[in-house]
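The values are calculated or read from the model by the stated rules, or taken from the named source; none is laboratory data. Since the model is a prediction, treat every value here as computed from it, not as a measurement. Positions of Cβ are backbone-derived with ideal geometry, glycine not excepted, and every protein chain shown enters the neighbour counts.
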Amino acid sequence: MATETPPPATPETPIPRTPTTEEFTEVQRGADFAELRHAHRAFAFPLTVAFIAWYLLYVLLSSYAGGFMGTKVAGNINVALVLGLAQFLTTFLIAWWYARHAAAELDPKAQAIKTRMEGAE
């Protein structure tokens with residue numbers, strides 16, 4: 001496992017200091033970290049529950065509603081195939097949505113915490 005070595009110090013980019021364990025614990029108890037954790041959980045948990053429900057619906061329909069799932073949509077394409085492909089589509093959409101959310105909401109908050117910790121004296 002490789003460790004990340006800091007870049008050489010220049011006047012524009014000083015070497016960040018390494019926070020202590022106590023400082024990490026203090027930040028974890030702080031309001032900024034709680035806000036970051038809340039922003040992540042408020043997005044991730046409901047979306048995870050919704051996706052699992054959507055997946056289980058597909059599994060239950062496949063198990064108990066064979067007639068419905070076998071209904072032809074166009075040619076040899078049936079409802080089961082359409083819903084199965086929709087599972088992939090929703091997976092990619094959720095990943096894209098989360099990346100946007102993280103870049104807009106989570107990363108700036110995390111970067112502010114990191115900058116404050118590495119620059120604290």
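Values for this structure:
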| item | result |
| --- | --- |
| Conditions (1) under 25 Å from R116 (Cβ atoms); (2) modelled with pLDDT under 95; (3) of a type outside the set (A, V, I, L, M): number failed by F43 | (2) |
| A53 vs. criteria assigned to a helix (DSSP H, G or I), modelled with pLDDT of 95 or more and surrounded by 11 or more Cβ atoms within 10 Å (Cβ to Cβ) | no |
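Okay, residues lined up against (1) assigned to a helix (DSSP H, G or I); (2) more than 23 Å from the chain's Cα centre (by Cα); (3) over 22 Å from T91 (Cβ atoms):
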site: P16; (1), (2), (3): no, yes, yes
site: T25; (1), (2), (3): yes, yes, yes
site: F33; (1), (2), (3): yes, no, yes
site: H38; (1), (2), (3): yes, no, yes
site: R41; (1), (2), (3): yes, no, no
site: A44; (1), (2), (3): yes, no, no
site: L47; (1), (2), (3): yes, no, no
site: L61; (1), (2), (3): yes, yes, no
site: V73; (1), (2), (3): no, yes, no
